[in-house]
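The values are calculated or read from the model by the stated rules, or taken from the named source; none is laboratory data. Worth saying up front: this structure is predicted, and the values here are computed from it rather than measured. Cβ placement follows ideal geometry from the backbone for every residue including glycine, while neighbour counts extend to all protein chains displayed.
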Amino acid sequence: MVRVYLTESDHGLKPLLKCLHDELGVLGATVTRGVAGFGASGVVHSAGLVDLSTDLPLVLEFFDRPDRARIAIERIKDFVDPGHLVSWSVRVEGDERASASPG
Amino acid sequence: MVRVYLTESDHGLKPLLKCLHDELGVLGATVTRGVAGFGASGVVHSAGLVDLSTDLPLVLEFFDRPDRARIAIERIKDFVDPGHLVSWSVRVEGDERASASPG
Amino acid sequence: MVRVYLTESDHGLKPLLKCLHDELGVLGATVTRGVAGFGASGVVHSAGLVDLSTDLPLVLEFFDRPDRARIAIERIKDFVDPGHLVSWSVRVEGDERASASPG
């Protein structure tokens, strides 16, 4: 499983999704929007407070076979801020195409 | 930790939650709605674009002891599309009932 | 990666975020709101049903170096219900400050 931390304001989501889908063809990807968060910049983004932020965190996750996930990480890491890309191994049930990611 | 990928249109969420809660009694489960994503079908679901999709990704996650998580996976995997069920080991802090999932 | 399960009604989120940001200075944290879920209490929270719940699950996740993540877990676990705090190791790409969490 590979996770990329973005925010709504950095406009990095669409090119990343396009790359993962069209070029790399990873098995699956999902994007969720956070309601609060902070990163290396130290800024706390939060929805539902008085200073309603429009720059909420976005979390993009995708998975594939370990070797393909590794290739995808190398491909996209220049688009992502350092420390905003994490990965861990998972077991994919019932699919011979992918048994763990990213190894 | 076990994760199941669904979409809003496949109506699989309610029966799964009912099974996990009533029959399997797993320690905890949460469901989050994604704002974009794609799967093996290759379709990109996305909220907030002009063609506002009503078929957004749903991510169901639950955890339990490794042996109980494994039983749960075997029980539910027929309800889930191949490759839409992933799992990884976690450490549960401060609870003797569960120390890792699913092993 | 450390994950804490909260609900909207328990008001534990703000003090936790403040502790993680101001006192512990973890590398990053995000909060997402679930649309349904249940925990040790056995209550199913769900948005979008007739009995529209205002007590939805909140999932707080943060990551840091293994040693710092461990310190953070020890610091916050008294604020969290038993079994509501899970962790697993991740690889952080492109950041020398953090290579895995929490080890």
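Points worth noting:
- Search result, residues across the range A:60-75 that are of a type in the set (Lys, Arg), in a helix (DSSP H, G or I) and away from chain C (no Cβ under 13 Å): A:68
- When the range C:87-101 is filtered for residues that are modelled with pLDDT under 95, under 18 Å from residue C:24 (Cα atoms) and crowded, with 16+ Cβ neighbours inside 10 Å, the ones remaining, listed by number, are C:98, C:100, C:101.
- Within the range B:61-90, the set of residues being charged (D, E, K, R) and over 20 Å from residue C:87 (Cα atoms) comprises B:74, B:75, B:77, B:78, B:81.
- Selection status of residue A:64, at pLDDT below 75, charged (D, E, K, R) and out of contact with any Phe, Trp or Tyr (no Cβ under 6 Å at 6 or more places or on another chain): no
- Filtered residues of the range B:1-29 (kept if assigned to a strand (DSSP E or B), touching a Gly at 6+ places or on another chain (Cβ under 9 Å) and either among the hydrophobic types (A, V, I, L, M, F, W, C) or surrounded by fewer than 19 Cβ atoms within 10 Å (Cβ to Cβ) (or both)): B:4, B:6, B:29
- Where a residue in the range B:27-39 is more than 8 Å from chain A (Cβ to nearest Cβ) and of a type outside the set (A, V, I, L, M) and its partner, wherever it lies, is surrounded by fewer than 21 Cβ atoms within 10 Å (Cβ to Cβ) and not in a strand (DSSP E or B), with Cβ under 6 Å and at least six apart: B:28/C:39
- Verdict on residue A:42 being outside any helix (DSSP H, G or I), at pLDDT below 85 and touching a His at 6+ places or on another chain (Cβ under 8 Å): yes
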